[in-house]
Amino acid sequence: MHSPPEPARERSEQRPASRKLVVVGLIAAVVAAGGLGSGGLLTAREGGSGSQTPPVAAEAGGGGTGDGSHLTLNAPVQNRPDMMGQMPMISPEHAVDMLRQTSYSIQQQAEILAALKRREIVLADMPMYDITGGNAVVNVQSLGLVQTVHLGAQPKSVILPIRIAGNVSITAAGDPGPTGIHAGAVFVPGPTPLPVLTRDTEIVIGVVVQ
């Protein structure tokens with residue numbers, strides 16, 4: 001009498017996909033969700049509506065409140081970024097030094113380093129500059145963390161905790177003046193002018209980390 005066959009076991013280990021395939025798949029997902037819009041929109045959103053996201057569930061790695069002060073590792077990706085950008089990844093061994101250059105608090109830096117150690121996020125560098133040569137100030141948000149960046153004529157590194165793909169939002173810090181803020185960012189292909197930031201508007205960038 002034959003014994004009943006054992007249930008098929010799920011494979012506990014699968015051959016890891018290459019980073020390139022992951023990135024390509026994520027780009028396709030973002031584009032399919034309307035990431036590029038019609039021709040890749042390069043206009044800032046009015047009213048800051050692009051930053052509104054549904055309530056965030058409890059985090060898988062110890063997480064935050066979604067109030068802009070803690071990592072929100074499972075924050076939903078916004079559907080329609082204004083533009084797309086590729087950013088270089090920062091080596092983990094340089095993470096501590098690079099984070100010290102940011103306006104993140106000591107607690108926030110510790111959260112970022114812990115998530116980085118768990119391989120839940122990576123760090124990306126998005127240098128920004130003031131196209132007019134002025135000293136504009138902007139707020140840059142990624143994974144629920146907001147840092148204030150003082151721009152100048154020369155590109156300044158903006159260190160961002162992010163998944164391999166996600167969204168980064170930029171808003172003016174304070175009064176942008178009657179002509180708005182004319183900022184630029186350095187992506188992998190090169191310097192790129194950003195949409196003009198005026199009062200109550202924001203720029204949402206769909207980011208892929210190389």
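The values are calculated or read from the model by the stated rules, or taken from the named source; none is laboratory data. Just so you know, these numbers come straight off a predicted model, no measurement behind them. Here Cβ is always computed from backbone atoms with ideal geometry, including for glycine, and neighbour counts include all displayed protein chains. Ligands, DNA and RNA are excluded from the accessible area calculation, which covers all protein heavy atoms including side chains. Shrake-Rupley method; radii C 1.70, N 1.55, O 1.52, S 1.80 Å.
Just to be sure, is Ser142 of a type outside the set (A, V, I, L, M, F, W, C), in contact (Cβ under 8 Å) with a residue 12 or more places away in the chain, within 30 Å of Thr179 (Cα to Cα) and crowded, with 21+ Cβ neighbours inside 10 Å? Yes.
Tell me which of these Pro161 doesn't satisfy, since it passes every other one: (1) surrounded by 22 or more Cβ atoms within 10 Å (Cβ to Cβ); (2) without any contact (Cβ under 8 Å) to a residue 60 or more places away in the chain. So Pro161 meets the others, but not (2). For region 91-121, which residues satisfy the criterion of being assigned to a loop (DSSP other than H, G, I, E, B) and either open to solvent by less than 20 Å² (accessible area, probe 1.4 Å) or free of Cβ contacts under 8 Å to residues at least 40 places away in the same chain (or both)? Correct list: Ser91, Arg100, Tyr104, Ser105, Arg119, Ile121. Within region 145-157, the set of residues being among the aliphatic types (A, V, I, L, M), open to solvent by less than 20 Å² (accessible area, probe 1.4 Å) and free of Cβ contacts under 8 Å to residues at least 40 places away in the same chain comprises Leu151 only. Just one of (1) open to solvent by 10 Å² or more (accessible area, probe 1.4 Å); (2) part of a strand (DSSP E or B) fails for Ile170. It is (1).
Going through (1) open to solvent by 20 Å² or more (accessible area, probe 1.4 Å); (2) part of a helix (DSSP H, G or I) one by one, Thr132 falls short only on (2). The set of residues in region 135-162 being in contact with a strand residue (DSSP E or B) (Cβ under 7 Å, 6 or more places away or on another chain) and in a loop (DSSP other than H, G, I, E, B) consists of Asn135, Ala136, Leu143, Leu151, Gly152, Ala153, Gln154, Pro155, Ser157, Val158.
For region 176-210, a residue qualifies if it is open to solvent by 20 Å² or more (accessible area, probe 1.4 Å), touching a strand residue (DSSP E or B) at 6+ places or on another chain (Cβ under 7 Å) and assigned to a strand (DSSP E or B), and the qualifying residues are Pro191, Thr192, Pro193.
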